[in-house]
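Take a look at the structure set out below.
Please treat every number below as a calculation from the coordinates, not as lab data. This is a predicted model, so every value here is computed, not measured. We place every Cβ from the backbone using ideal geometry, glycine too, and count neighbours over all the protein chains shown.
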Amino acid sequence: MKEKLVLIGNGMAGVRTLEELLKLDNGAYRITVIGAEPHPNYNRIMLSPVLAGEKAVDDIVLNTREWYAQNGIELKTGDAVTAIDRVRRTLTLASGASVDYDRLLIATGSTPFIIPVPGHDKQGVLGFRDIADVEQMLAAAGQYRKAVVIGGGLLGLEAANGLMKKGMEVTVVHLLDRLLERQLDGPASALLKASLEERGLTFLMEAQTAEITGGERVEGVRFADGSEIEADLVVMAVGIRPNMALAQQAGIYCERGILVSDTMQTYDPRVYAVGECVQHRGTCYGLVAPLFEQAKVAANHLASFGIARYEGSVTSTKLKVTGIDLFSAGEFIEAEGDETLVLQDPAAGIYKKLVLRDNRIKGAVMYGDTMDGTWYFTLLREGTDISAFRSTILFGQHDLGDAGHGDARASTMALPDGAEICGCNGVCKGEIVDAITKKGLFTLEEVRAHTKASSSCGSCTGLVEAILAGTVGEGYDKVPSKKGMCGCTEHSHDEVISAIRHGGLKTMQAVRETLEWSTPDGCASCRPALNYYLLAHWPGEYRDDAQSRFINERAHGNIQKDGTYSVVPRMFGGLCTADELRAIADVSDKYRVPEMKVTGGQRIDLFGIRKEDLPAVWRDLAAAGFVSGHAYGKALRTVKTCAGKTWCRFGTQNSTALGVKLEQLTWGSWMPHKFKLAVSGCPRNCAEATIKDFGVVCVDSGYELHVGGNGGIKVRVTDLLCKVQTEEEVLEYCGAFTQKYREEAHYLERTAPWVERVGLNHIKKSIVDDAAQRQALYERFKHSQQFAQVDPWGQRAGGEEAHEFTPLKVAG
Amino acid sequence: MKEWIDVAGLEEIPRLGARMVHTDSLHLALFRTAGDEVFALEDACPHKQGPLSQGMVHGTSVTCPLHNWKIDLASGEALAPDEGCSRTFKTRIQDGRVYLSI
Ligand code: SRM
Ligand SMILES: Cc1cc2nc3c(=O)[nH]c(=O)nc-3n(C[C@H](O)[C@H](O)[C@H](O)COP(=O)(O)OP(=O)(O)OC[C@H]3O[C@@H](n4cnc5c(N)ncnc54)[C@H](O)[C@@H]3O)c2cc1C
Ligand code: SF4
Ligand code: FES
């Protein structure tokens, strides 16, 4: 008999846990859900737009009754649990029924705090928590004129805005002298108040409510100083209290909320709790993003995987009042020793502040222009060193919509449905909105899976996030705090790298076992990563696993859309001889190559070669002295050069010869992502060295070394690493930089994002400032090159891996 | 009645890999899982006819090399949220030889 899992509280955190559980292990439990509200699970966040008349109740249902039925979940709505008997493992319901359980999940949320002043129980005094509250407010708005909202926090302001839009005269009463004191600093708060006043709200600041006056129904509010205002409706939004009475009665240990461990278990291990009702490591959360992280962990544990841990969350907030943009995250009031960056333009109504500690963002407050909130929040959570772009950071990340989307700052939501958002997959805005609403998607990952938008080159990610936020509401899990490498593990890239390096793990099997992978042989995304990490850390020892290579690297050519391959032989530094060109021409004739092209990397590409012909093509090329150009690999690609001193009237050094030396040093090396070099003979920079992973610009007095550049999707100009005097130094610095990147970057992270993540200083410390470390890195690089510089084409032309290239023939 | 055709020794297909099989009229892909199960599909992804034989095998699915759809080896169905199906063919292993029914 299957175990029975009962969920108390049919709300956002509880049902999300069930969804996560179903994803992991369909059928492990018989599930019953008991919810006090008469509705199926709905998006509580969207109550504010419902109140403001921007959405209907039907629009915000997350799980329909059919969803429960389809997943075999028994649903009891409009009935509350009144007692838990943990000895007999039964629940008593308000209706008198009783329900047994084997495991219990408490997700009772919280209740609005009602200030216990005289008159607080009169008709027309409400909290703002559920559909019933909204229905009562809407009814009042149709009948009465004056509303008072007590509490100038997020919820209070959203309620006030909604009631005003419904035609009521609204006064917001706040105890302090500043609105949203938990989210905003003084200047931002003042801007907000001014713009809400302009829209028609009235504020009573520093006012302490003493009594609700009236007969059966409220007629006014009196304050501690004796003054009084009229009111037909009073909404109290002064805070929430974790709803833990039920757990407390059952003897489950509670403090401010129900106490849970990192596995979301209460003191009774059969009883789990998630959501606003819990207290974890001293914190009670009141936003959905952390609750969804809790849900994931609880589900993981319920499915007996037992590897996930909840370690707390950093949260960010936004106010959902249409037309008002406000964002805050982290510690936005500076502590001693912190630095602040501020951009203030009162006329335009813009204010942005970042709090920095050690060049890392600790907190952010933004008003008026919050486009970059998500970006700052990501930098904050990842602890990115921002020194490289500190001087421009307040102007934002100007990459949204780079790939032909036009002005992304013109509100994304105002775009027509037909506007193409994802240029790679041809996905329009309407399709994305449709998928989000019809399929109930919440996260960027889900939108990617269902629509393919942002799943290829990723340059439209910002736009997709904006659409997601605009459709689903803010507060959703935009950036999971700790990202597992892929669906097979909760461990991050850094954790995996460190386990391989320090834990002496030398096979993929060992990594998966030690780090408790949830799949037996990984997936198409973790296998290539693990294969690379093992190869990079154990050169000469680890044996490359062909089946964990993406096809291009397994077949040593780029797969084309029709299943044929392209062949790009290496031309060191772009130099070539007449004999070499003749050999390429001969291959082209002999194998009837449909098209040849000079690539952007200064060499020649032969397109449309049948897989069966590859070994023979390579044999002919090898005979002329060519090796693989690795144009298909996460590997050293090309070294672009210019004419240089030999011919060019401006050349300062022999850039072509230096390029050849660099390519001879680095070719064959496997990398986290592709890696490109260039050497320009003078600052005119014809080889475009300043958008390469490692670029050299020759000057009269030596060589400038530049790192972390990128052409491609998001162009990034290099940072200057240092200047050196000799070619030998160029080679040593290049090898050391390459090795550092090989050892530390995440798989599929190019040098540009890597340098931005770890900071240029971190790289300079071990490569420029510390000669011993630089030499050690260089030695490790040369050691690993002994094993890497074998021509894969030559090997295969010689018969290796023949099965890869020869189809089995069958008659019939 | 369809016949069983002897196509290869099991060891000729790499574990967690595939072989292309060409008949006069068809291109198939023959997959081998970590547990030595063998599956055969038409070598064309339901999305845009990508060659599934060139994909990466994991569990009992293969990831298409062109745009990363995941196809279930047993049923030929694309895994959710993608939709579509590739033709499947029966296979059998006997005495270390792989037989295919076309
Ligand atoms: C052949 C070539 C185009 C050409 O005819 O000139 C080319 C072709 C491809 N590029 Fe490129 N890129 C080529 C030079 C470039 C350049 C220019 C350069 O290297 O100077 C860039 C911009 C510079 C840069 O990388 O910083 C470039 C930026 C990209 C990107 C975006 C990378 C990024 O970090 O943003 C991708 C996508 C990726 O790698 O994920 C890409 C991916 C591709 C792929 C591999 C797409 C794919 O996955 O199948 C194309 C393979 C075509 C094929 O089947 O052969 N290609 N690609 C060039 C080969 C150079 C070579 O000799 O090896
Ligand atoms: C108007 C409004 C706007 C918000 N806006 C945002 C926002 O923009 N961003 C954000 O991140 N968060 C926002 N929140 C907060 C967010 O909605 C909550 O954090 C989230 O809903 C909490 O989820 P939960 O499952 O813990 O509780 P809930 O969603 O409240 O679910 C608890 C459920 O348990 C039921 N229940 C309680 N006791 C019992 C019992 N004894 N038996 C049976 N059922 C019981 C309750 O009726 C309720 O349905 C907003 C909240 C409100 C009210
Ligand atoms: S060669 Fe490069 S730019 Fe051209 S289509 Fe392919 S990936 Fe895009
Ligand atoms: S052809 Fe297979 S995923 Fe596109």
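The table that follows gives values for the structure above.
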{"item": "Calculated P(r) tail over 37 Å for chain A, as whole % of Cα pairs", "result": "53 percent"}
{"item": "Computed lengthening from A:Ala510 to A:Ser391, 0.36 nm per intervening residue step minus Cα-Cα distance", "result": "38.3 nm"}
{"item": "Gained length - A:Ala56 relative to A:Asp620, 0.36 nm times residue gap less alpha-carbon distance", "result": "196.1 nm"}
{"item": "Fraction of alpha-carbon pairs over 28 Å apart in the stretch A:223-368 - percent", "result": "45 percent"}
{"item": "Cα-Cα separations in the stretch A:546-704 greater than 26 Å, expressed as whole percent", "result": "31 percent"}
{"item": "Exposed-site-free run, longest, chain B (rule: trypsin sites (Lys or Arg not before Pro); DSSP loop; at most 13 other C-beta within 10 Å)", "result": "B:3-47"}
{"item": "The stretch A:179-238 - convex hull of alpha carbons, volume per residue in Å³", "result": "102 Å³"}
{"item": "For the stretch A:512-521, 3J(HN,Hα) per residue [Karplus equation, 6.51 cos²θ - 1.76 cosθ + 1.60, θ = phi - 60°, Hz, x = Gly/Pro]", "result": "5, 6, 5, 9, 6, 4, 8, 10, x, 10"}
{"item": "Calculated FRET value between A:Phe607 and A:Thr519, using beta carbons and R₀ = 35 Å, to 0.05", "result": "0.45"}
{"item": "Vicinal HN-Hα couplings computed from phi for the stretch A:371-387 (Karplus, 6.51 cos²θ - 1.76 cosθ + 1.60; Hz; Gly/Pro x)", "result": "3, 9, x, 4, 5, 4, 5, 5, 4, 5, 5, 8, x, 5, 6, 9, 4"}
{"item": "Per-residue ³J(HN,Hα) for the stretch A:93-100, Karplus 6.51 cos²θ - 1.76 cosθ + 1.60, θ = phi - 60°, Hz, x for Gly and Pro", "result": "9, 4, 6, x, 5, 10, 9, 8"}
{"item": "Ratio of the Cα radius of gyration of the stretch B:4-101 to 2.2 N^0.38 Å, where N counts its residues", "result": "0.98"}
{"item": "Distant-in-sequence amide H partners of A:Cys277 (H built 1.01 Å from N, under 5 Å)", "result": "A:Thr108, A:Gly109, A:Asn243"}
{"item": "Amide N proximity, the stretch B:64-102 versus B:Trp4 label position 7 Å along Cα-to-Cβ, cut-off under 17 Å", "result": "B:89-102"}
{"item": "Restricting the stretch A:563-672 to trypsin sites (Lys or Arg not before Pro) in coil, as DSSP defines it, with at most 10 other Cβ within 10 Å", "result": "A:Arg592, A:Arg649"}
{"item": "Spatial separation of Cα centroids for the stretch A:547-571 and the stretch A:282-334, in angstrom", "result": "43 Å"}
{"item": "Sites matching chymotrypsin sites (Phe, Trp or Tyr not before Pro) across the stretch A:616-650 that sit in DSSP coil, with at most 14 neighbouring C-beta atoms within 10 Å", "result": "A:Trp647, A:Phe650"}
{"item": "Mean Cα-pair separation over length for the stretch B:4-101, i.e. relative contact order, pairs under 8 Å, 6 or more apart, %", "result": "28 percent"}
